[in-house]
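The values are calculated or read from the model by the stated rules, or taken from the named source; none is laboratory data. All figures in this text were calculated on a predicted structure; none of them were measured in a lab. With ideal geometry, Cβ positions are generated from the backbone for all residues, glycine too; neighbour counts draw on all protein chains shown. Surface areas here come from the heavy atoms of the whole protein model, side chains and all, with no ligands, DNA or RNA. Shrake-Rupley method; radii C 1.70, N 1.55, O 1.52, S 1.80 Å.
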Amino acid sequence: ILRSKMMKIGIQGIAGSYSEMTARDYINTLLTKQLHTNCDLENDFEVVMYSNFCETTQALVDEDVDLIVEPVENSTTGAITKLLDQLRYKPVMGIAEAYQPVSHNLWGVAGSTIEELTTVYSHPEALSQCTSFFEQHPYIEAKAHDDTARASLHVQELKNPKVAAISSARAGELYGLTPLLKDFQDEKSNMTRFYILEKYQASKRYEGNVLAFYIETRHEPGALLKLLQVFDIYNGNLLSLTARPIQNQPFTYGFFLEVTADKMTVSNEILIQTLEQVAEHVQLLAQFDQVKRPNRT
């Protein structure tokens, strides 16, 4: 399949971030499955890097990129709610999922030692996945950064042996840092799940055995129960349910949920129509075929 233009894929982060690694993996999947005879990663695809989830999602809505690759869930810390919040009320659709094994490494500049460190930078998610390290080294302050790879770049620019970063092996190597500790996250099976999203196309028929929704129920007794009963009646298997505060409506909540639909007894159209009878707002966020979680190597 020859493309008429370069495909642009947006991520939050820079080279060496887990999002960038996942985007490159997804491109390689496309090349392997359907594009390998005419395209290559470097010349036919561009990974466009943004500083936060809001900018990344808006770039997709504005059609500055063709797809975005965003983390939605981590096996250690759960749903990545800052990203999920950005998907609400926007014309976006998840078309695939991807898993990225997470191996956190501690990187410093030449001459750094763990004993002399005072500060470690990383993305808040990464810091929260390495709590045991900070408990064992209470003299080291954990400081939040935009993302793991930018934390490594920041340490490289500071050239301070008392400062280090938590990031991937790829990031530390890209920015010429010295490894101080390898693969030290709390959970050795740590893994992050990503959505690959495109701008929603009303004329397109989406397919897949997993459906993801954002739903706001009515603020009345039994509202959530009525919502969940819909999936029970139609034989949908609930995979996850995450409550999030609704902006400018204190103490009211919307729900992100995923359900497998391969055994569902009605069409998606009837399911959504039924959900709309028991909820104030229903948004289909994603539909894709569930992939097998890879073994961590």
Counting only residues 5 or more apart in sequence or on a different chain, those whose built amide H sits under 5 Å from that of residue 237 are 260
Burial-style ranking of 237-243, 57-63, average other-beta-carbon count within 10 Å with highest first, yields 57-63, 237-243
Partners for residue 182 among aspartates and glutamates (Cα-Cα distance below 13 Å; same-chain residues under 8 apart left out): 173
Could you list log10 I(q)/I(0) for the chain at q = 0.09, 0.10 Å⁻¹, which the Debye formula gives when each Cα is one point scatterer? -0.50, -0.61
Debye equation applied to the C-alpha atoms of region 40-188, log10 I(q)/I(0) at 0.17, 0.18 Å⁻¹: -1.01, -1.08
For region 210-288, compute Rh as the Kirkwood radius over C-alpha pairs and then the Stokes-Einstein diffusion coefficient at 10 °C and 1.306 mPa s; write the answer in µm²/s, rounded to an integer. 125 µm²/s
Sulfur and carbon atoms: percent of accessible area, region 6-147 [1.4 Å]: 48 percent
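In percent, what relative contact order does the chain have, based on Cα pairs under 8 Å that are 6 or more apart in sequence?
21 percent
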Note down, for region 134-201, the three equivalent ellipsoid semi-axes (square root of 5 times each alpha carbon gyration tensor eigenvalue), biggest first, whole angstrom. 26, 17, 12
At 222 nm, what value in deg cm²/dmol follows for the chain if DSSP H runs of at least 4 each add -39500 (n - 2.57) and the sum is divided by all its residues, to the nearest 500? -7500 deg cm²/dmol
Can you give me the P(r) profile for region 69-129? Cα pairs, bins 10 angstrom wide beginning at 0, each as a whole percent. 15, 40, 25, 14, 6
Region 53-67 and region 237-297: distance between their alpha carbon centers, rounded to Å: 22 Å
Listed by chain and number, the lysines with an alpha carbon less than 28 angstrom from that of residue 5, same-chain partners under 8 positions apart left out, are 33, 90, 199, 204
What is the spin-label model distance, in nm, from residue 110 to residue 226 if the labels are put 7 Å beyond Cα along the C-beta direction? 6.9 nm
